[in-house]
Structure formats: C-alpha cells, structure tokens
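Trainee: Okay, here's the structure, questions in a sec.
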Ligand code: KG4
Ligand code: ZN
C-alpha cells in the first residue's frame, strides 16, 4: 500500500510517499523561509499562495522519485490541523480532491500526531507504545502520554509562548537571522557556561505545564541593557539554551515518574537541537530508560510524518478521520485541534 502525505500547516510544503512494505520511498520539501525572512515571521497569506504554487509540482516530483503513477496511490493523508487556516486549506483541498478523483480514502491527520509518530519512520530504532512524548515545535510545547495510535492524554503544555517561538524571539533580539532557533543553538556552543542565570518558570509548581513568557521577558530586558558583542551574544545564547534544557529535563522527569513509563519520545522542530538531544539522552541513560528521536530532517515539518501517520490510521481502520466518501464539499480544516480529541 502506498500513501501520499501532504503537509501545509505553516511555511513548509512537504510531500512524501510511504510504502507499507518499503517504508519512505519519496520525500520532497519546499521551505518558505526566504519568503518570510524579510518580515521576521510567517505571513499567512503569502504562505498559502506559495503552497498553491509548490504543491502540484512537488506531488509530481515524489511520483517521479518513487517511479509510481498517481493511480498506484491507495490513500492520501493530509494535515488537517493545527496550523494556519489558509495554509491548511490548500493541502486539504488538493488532498481531498485528488482522493475523490482517484476514489481512494482521504485521511485527515493531526499535525502533532505526525510529529509524535515521526521517530517511527525508521524501523530500526523505533519506540513501542506506551511512551511519554515531549512535543516541542514552533507553535507547541506539550507533554503527552501516548498509549496507542490515536490514544493520547495531554499531561501538560505551555500556558503562554511555545518553545520554538521563544527560541526565535530571543534569536531575533540577539540580531540573528530568521528563524533563529538553530542559529542561536550554534552560537551557544561558543558561550561560557554559567555566565548568566535565568529564571525557570513553573519549575517549582508540581504540574506539567510550561511557561516561557517570563523567561523571554527576562532575557529581552538583559539584551536591551547590554552592549552586544560576539562573546556576549554567545554567553546569553548559552545561558538561555541551558535554562531550556533544565526546564525540559525536570518536566520530562516528572511526566515519566507520574506515568510510570521509561520511554521518552522527543519530536517537533526544536527536537533537532543537538544540546537538547544530548542532555535528554544522558538523562534517560541515567534513569535506565530510552529516548527516541527522528533524524533532524524529520524533526521540522515534513510530508513523511503525515504519510506515515496516514498509513497507521488506515491500518487501524480508524473511522472518523478516514473519508471514503470523499465528499470534497465537506472539507473543514481544524486550525486548533487538540491531540486528545483523536480516538
Ligand atoms: O515543527 P516545526 O518545523 O514547525 C511547527 O510545527 O511549529 O518547528 C519549527 C521550530 C522553529 O521555531 C525553529 O526555530 C525551531 O523549530 N528549531 C529549533 C532548531 N531547529 C528548528 N530550535 C532550536 N534549536 C534548533 N536546532
Ligand atoms: Zn510542526
């Protein structure tokens, strides 16, 4: 069985084909970073216009790459939310229209479930249920107890800014280019550890929610008061990243203790961060547990994770998100769609 995956929730057009037998056989990604760089953030109208331009050529490319014909595809999985409404609409309309024309199922995928399942894309080092998932992306910071496909319990989430958004804002204040998360991380490597001490909001609270706005304001005030040179930038970046790592480690520890689980999946764009990966790996090793990541290219948004989630859904015969009728007029994307609402 071949599933075509379509991801258009934000500023990446991701298209992939996942085979039930051979795994990922084609993967194409077009990033709109250059388009939005000028504005310092994603402009929704520009994002959706660019998805329109890129989506069909990329579908053609994955067919070429896999040497398949459109009629070989047996299901189309598309991101139905959460994300930018106008961007989601493009993937949903193209995906559902194609499925209608081909008379195959269209599967509405929750973007965060796509991230959560992404470490399973590669079968040689794949987590088994149940596990705790730390989902860290541009728009979300969540701890989830994942019991089986579709059975997720939200343990905690950010009550204000998302972690990736915070990385990007601090990077911008440090004068780094957009989106600054990964650049901030690379300059942090030259920073002197312990040069600054930043607050760790919500750490004393016993719960599993996160808060990053206080940390962001504290670092922003420090930057405004400082005369920045290369070393100072690196020291601030280092202190910021170390603070984030401590917050994530403490919250993961609590989530694992609370659920009695010892497998941790870390996914979403920020999970490409090498410092976070290393620290959480060491932490899990000390606990006698295991941490799972996907390759950096599948941490950020991509079509492969959506195609994979679609295959899992079809194999589970999950009713409500699979539309075999393919009534295209019924398309409703869900810009806000809690992972707990899946079945
Ligand atoms: O998952 P993703 O591609 O999009 C959303 O679903 O939001 O995540 C994008 C976020 C951006 O904020 C980006 O700066 C951040 O992931 N990111 C990183 C790194 N690579 C990407 N943040 C910190 N360190 C990185 N190496
Ligand atoms: Zn994402």
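The values are calculated or read from the model by the stated rules, or taken from the named source; none is laboratory data. These numbers were taken from a predicted model, which means no experiment stands behind them. FYI the Cβ positions are ideal-geometry reconstructions off the backbone, even for glycines, and counts take in every protein chain you see.
Trainee: Within segment 86-110, track down each residue that is touching a helix residue (DSSP H, G or I) at 6+ places or on another chain (Cβ under 8 Å), within 16 Å of ligand 1 (Cβ to nearest atom) and within 25 Å of residue 152 (Cα to Cα).
Mentor: Residues satisfying the conditions are 91, 109, 110.
Trainee: Moving to a separate point now. Determine which member of the set 297, 241 is more than 23 Å from residue 155 (Cβ to Cβ), in a helix (DSSP H, G or I) and within 16 Å of ligand 2 (Cβ to nearest atom).
Mentor: One residue alone meets the criteria, 297.
Trainee: A further question on this structure: Could you run through segment 157-208 and say how many residues are farther than 21 Å from residue 274 by Cα and within 16 Å of ligand 2 (Cβ to nearest atom)?
Mentor: Of the residues in segment 157-208, 3 are farther than 21 Å from residue 274 by Cα and within 16 Å of ligand 2 (Cβ to nearest atom).
Trainee: Oh, and also: Which residues, counting only those in segment 118-168, are in a strand (DSSP E or B), within 16 Å of ligand 1 (Cβ to nearest atom) and without any contact (Cβ under 8 Å) to a residue 60 or more places away in the chain?
Mentor: Selection gives 157, 158.
Trainee: Let me ask something additional. Name the one entry in 119, 44, 130 that is surrounded by fewer than 21 Cβ atoms within 10 Å (Cβ to Cβ), within 16 Å of ligand 2 (Cβ to nearest atom), more than 14 Å from residue 6 (Cα to Cα) and modelled with pLDDT of 95 or more.
Mentor: Being surrounded by fewer than 21 Cβ atoms within 10 Å (Cβ to Cβ), within 16 Å of ligand 2 (Cβ to nearest atom), more than 14 Å from residue 6 (Cα to Cα) and modelled with pLDDT of 95 or more holds for just one of 119, 44, 130, which is 44.
Trainee: Taking the condition of being within 23 Å of the chain's Cα centre (by Cα) and surrounded by 17 or more Cβ atoms within 10 Å (Cβ to Cβ), how many residues in segment 204-234 meet it?
Mentor: Qualifying residue count for the region: 7.
Trainee: Moving to a separate point now. Considering only segment 17-29, I want to know if a residue exists there that is surrounded by fewer than 18 Cβ atoms within 10 Å (Cβ to Cβ), out of contact with any strand residue (DSSP E or B) (no Cβ under 7 Å at 6 or more places or on another chain), part of a helix (DSSP H, G or I) and touching a residue at least 12 places away in the same chain (Cβ under 8 Å).
Mentor: No, every residue in segment 17-29 fails to be surrounded by fewer than 18 Cβ atoms within 10 Å (Cβ to Cβ), out of contact with any strand residue (DSSP E or B) (no Cβ under 7 Å at 6 or more places or on another chain), part of a helix (DSSP H, G or I) and touching a residue at least 12 places away in the same chain (Cβ under 8 Å).
Trainee: Please specify each residue of segment 279-308 satisfying the condition of being closer than 22 Å to residue 179 by Cα and either out of contact with any strand residue (DSSP E or B) (no Cβ under 9 Å at 6 or more places or on another chain) or more than 13 Å from ligand 1 (Cβ to nearest atom) (or both).
Mentor: 295, 296
Trainee: In the list 108, 77, 87, which residue meets the criterion of being over 30 Å from residue 260 (Cα atoms), assigned to a helix (DSSP H, G or I) and at pLDDT 95 or above? Write out each step before concluding.
Mentor: Working: 108 fails: assigned to a helix (DSSP H, G or I); 77 fails: assigned to a helix (DSSP H, G or I).
Only one candidate qualifies: 87.
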